[in-house]
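Rule-based calculations on the coordinates, nothing more; no lab input. Source: prediction; values computed, not measured. All Cβ positions, even for glycine, are placed from backbone atoms using ideal geometry, and neighbour counts span all protein chains on display.
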Amino acid sequence: MHIMFRTFAILPWLVIAAVAGAASGATTPAAVVALKGPINAYSQGAFVRQFQQARALGAKVVIIDLDTYGGAVNSALELSHFIKAQTDIRTIAYVDPKAYSAGSMIAVACNSIYMAPAAALGDCAPIAVSPMGDLQPLPPTERAKIQSPILADFEDSAQRNGYDPLLVQSMVSLNRVVHWVEKDGQRRFVDEKQYAQLLSDGWKPVQSLRDPVNAADTLLTVSTDQAIKLGLAKGSAATVSLLAQSLDVNVLATFEPGTGEQVLAFFNSDSVRLILLIVFLLSLYIGMHAPGHGLAESMAVLSLATLLGVPLMTGYAQWWEIVAILVGIALLALELFVIPGFGVAGLLGIALILGGLVLTFIAPEPGRSPLSIPRLPMTWMALRHGLSVVVGGMVASLLLCWWIRQYLPRMLYFNRLILTTTVGSESGMVGSLTNIDPSELAPAIGATGMAATDLRPSGSAEFHDAAGGKHMVSVVSDSGFVVRGTQLVVREVSGNRIVVRPAVVQQQST
């Protein structure tokens, strides 16, 4: 069934490709896969999926349309390895208008590079960026550790695709002086030591470019014209379509980033994550203290899924952080509904929830275990940033809870949603979101009442006191699911935990 579905999904593309190929007369099938914006786990996965779709269409050439300032080192390295593993497909990088940092790594991994007339390529040194977007210095040891696999990848790409290793490595590392010299029609890229020796043998700097090509205090970054002269780029084309025409290939399909990337960027912003965190904490508080209504629980699940799903797709959230949050919620529920009072389980649950949320703001450090103590300055800055967002969400949630308790009952429409009770001549709100679990109104053991909501096994129940007042309180059933309207009897009262069971079950057991 899965194979048939994929066949039918690809069939329209095959028909279009056949018609387009017949009309153009081009013999080599090709596809364009765009890689634009930040490079992270999400864009990496999207690129791989689109590349495989191009392969399924029968493309023998894939033009990678690059426009990026860079991104995560791990994702860039994995994309580079993926591209170099496609030995049956010719890969062409088209830089329009920029391929910096991780983008230059991906471009050099391709079989060949073409650039738009006013494009730029290079500058691939690892950097530390604060959550606010500011560049931060990297200590020498940490820089060397991150830089090592990048240099190795550039050297491997240079050997595969015919680039000079010294030239491409000067995109990554400082203190790599590169001279371009010539003699008798031969040209070579040499370092400072070799340069002095060759000058004495009659070699001269190539006059078409500055000497040195790259200085000790710079990272190689080249324009289109410079890249072509240095042999990094094979040519220039104003558009992808013109490039395809010059290569005499027939573009079967163009795969570009869709609305998913825009939606992901929106939900990954600090302001939206703060709002989602407030919604989650507020819904969790309401759901824990007034269970059984369903709306608060649903909002908590949706907001938490978004809070964790977005960083998971971009490579920030790790599986153990998600497990910690879920375990924390389970411990908090256990404390409220099973264990009397509020102690170690509740405090540990809160710590796991908040700690897990903070860690979703931190990207794993390259080459290190996700459980290791951070060593990079950018990791500590991300930790402080995540802590500020989570603490801010907590404070805002507490203020909203206070506002709900104080002012929501006085607002039109909302006051109709709040259950009230009458004790003597005074009325008040009990068991509602504005006055949760008042212990002074808790029914006694043996008191009877009625399930006001379905108990799953938690929910709300209505009890009567000696004065004829009605009390709506949160309860938990020790007999599993109980249908709304069932007569109940109180079996246990411990703090804010009231255990009930159907009155019929109680009668049968005595």
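Overview of results
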{"item": "Ranking of Phe255, Phe82, Phe51, Phe481 by count of other Cβ atoms within 10 Å, fewest first", "result": "Phe481, Phe82, Phe255, Phe51"}
{"item": "Gain upon complete extension [Ala118, Ser208; 0.36 nm per residue less C-alpha separation]", "result": "30.6 nm"}
{"item": "Three-way shape label, segment 25-112, alpha-carbon gyration tensor, a/c 1.5", "result": "prolate"}
{"item": "Phi-based couplings in Hz for segment 177-182 (Karplus 6.51, -1.76, 1.60; Gly and Pro marked x)", "result": "7, 10, 10, 10, 10, 9"}
{"item": "Contour excess over end-to-end distance, with Cα ends at Lys229 and Thr28 and 0.36 nm allotted per residue", "result": "69.6 nm"}
{"item": "Residues Tyr69, Tyr195, Tyr114 arranged by fewest to most Cβ contacts within 10 Å", "result": "Tyr69, Tyr195, Tyr114"}
{"item": "Pairwise label distance in nanometres, Ile89 with Thr254, each label 7 Å out on the Cα-Cβ vector", "result": "1.8"}
{"item": "Stretch gain in nm, segment Ala444-Val263, where the contour uses 0.36 nm per residue and the Cα spacing is subtracted", "result": "60.0 nm"}
{"item": "Cβ-based exposure ranking for Cys110, Cys124, Cys401, in which fewest neighbours within 10 Å come first", "result": "Cys401, Cys110, Cys124"}
{"item": "Nearest-0.05 FRET efficiency for Leu274 and Asp156, computed from C-beta distance (R0 30 Å)", "result": "0.10"}
